[in-house]
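A.B. asks: I'd like to ask some things about the structure below.
The values are calculated or read from the model by the stated rules, or taken from the named source; none is laboratory data. Since we're looking at a predicted model, the values are computed, not measured. Neighbour counts run over all protein chains shown; Cβ positions are idealised from the backbone, glycine included.
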Amino acid sequence: MRFFSFVCSFLCLLLLVLSGCNNEAPPAATVQMAPDFTLQALSGESVSLAQYRGKIVFLNFWATWCPPCRAELPAMQRLNEVFAGRDFVMLAVNVEEDAAEVLPQFLKEYPHSYRILLDVEAKVQELYGVDKLPETFIIDKQGKVVERILGARDWSSTAMLQRFNTLVAAP
């Protein structure tokens, strides 16, 4: 009886091990097109994602009340300055309902040269599935999301500058 129990246990273990071994390659990662949107910029004009096709788009979702968001703003500014005049655009989507009131004073402390867009109804935030801040999407020249990054980063680090340089230089 012990031998029978041992053989059954061994066969079950063997089946478990073999069922976990799969020689097939995992399915290729799907590259998602970035959903298009139109938002009002802080400066008043309407801005759509589609108007930047052919450029690398740095799409960042943030709020003034978010400490990590505030922490990464200076590095975002430096990154934007480094790639100014190249195939690169930075769009910072503020998700606060009262953005038009709070941003002017807030931005006096955080000088910037990139576009700030207002998503007061959270439509674009919902479209992109953003539920934590900050969150950044890197969109290639063909309009595909190549990276989704949750949390603050040092966007002006050497590694990040090299990464964006490669993206911008690509056809």
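A.B. asks: For the stretch 54-84, which positions are touching an Asp or Glu at 6+ places or on another chain (Cβ under 6 Å) and closer than 13 Å to Ser156 by Cα?
C.D. replies: Correct list: Ala75 only.
A.B. asks: Sticking with this one: Looking at Leu107, Leu133, Leu91, can you tell me which residue is in contact with a helix residue (DSSP H, G or I) (Cβ under 8 Å, 6 or more places away or on another chain) and either among the basic types (Lys, Arg) or farther than 22 Å from Gln51 by Cβ (or both)?
C.D. replies: From the options Leu107, Leu133, Leu91, the qualifying one is Leu133.
A.B. asks: Looking only at the stretch 110-124, count how many residues are among the basic types (Lys, Arg) and crowded, with 18+ Cβ neighbours inside 10 Å.
C.D. replies: Summing the residues that are among the basic types (Lys, Arg) and crowded, with 18+ Cβ neighbours inside 10 Å in the stretch 110-124 gives 1.
A.B. asks: So, one more: Give the residues of the stretch 125-159 that are among the hydrophobic types (A, V, I, L, M, F, W, C), surrounded by fewer than 19 Cβ atoms within 10 Å (Cβ to Cβ) and touching a Lys or Arg at 6+ places or on another chain (Cβ under 7 Å), sorted by residue number.
C.D. replies: Leu150
A.B. asks: Among (1) at pLDDT 95 or above; (2) assigned to a loop (DSSP other than H, G, I, E, B), there is one condition Pro171 misses while meeting the rest; what is its number?
C.D. replies: Going through (1) at pLDDT 95 or above; (2) assigned to a loop (DSSP other than H, G, I, E, B) one by one, Pro171 breaks only (1).
A.B. asks: Residues being among the small types (Gly, Ala, Ser) and surrounded by fewer than 16 Cβ atoms within 10 Å (Cβ to Cβ): count how many of those fall in the stretch 96-109.
C.D. replies: Of the residues in the stretch 96-109, 1 are among the small types (Gly, Ala, Ser) and surrounded by fewer than 16 Cβ atoms within 10 Å (Cβ to Cβ).
A.B. asks: Now for a separate question. Let me confirm something: among Leu39, Leu79, which residue is not charged (D, E, K, R) and not in a helix (DSSP H, G or I)?
C.D. replies: Leu39
A.B. asks: Now for a different question. Of the residues Ala63, Ala169, Ala100, Ala84, which single one is more than 23 Å from Val47 (Cα to Cα) and either of a type outside the set (Phe, Trp, Tyr) or under 17 Å from the mean Cα position of the chain (by Cα) (or both)? Give the derivation first.
C.D. replies: Values: Ala63 fails: more than 23 Å from Val47 (Cα to Cα); Ala100 fails: more than 23 Å from Val47 (Cα to Cα); Ala84 fails: more than 23 Å from Val47 (Cα to Cα).
Every option except Ala169 fails the conditions.
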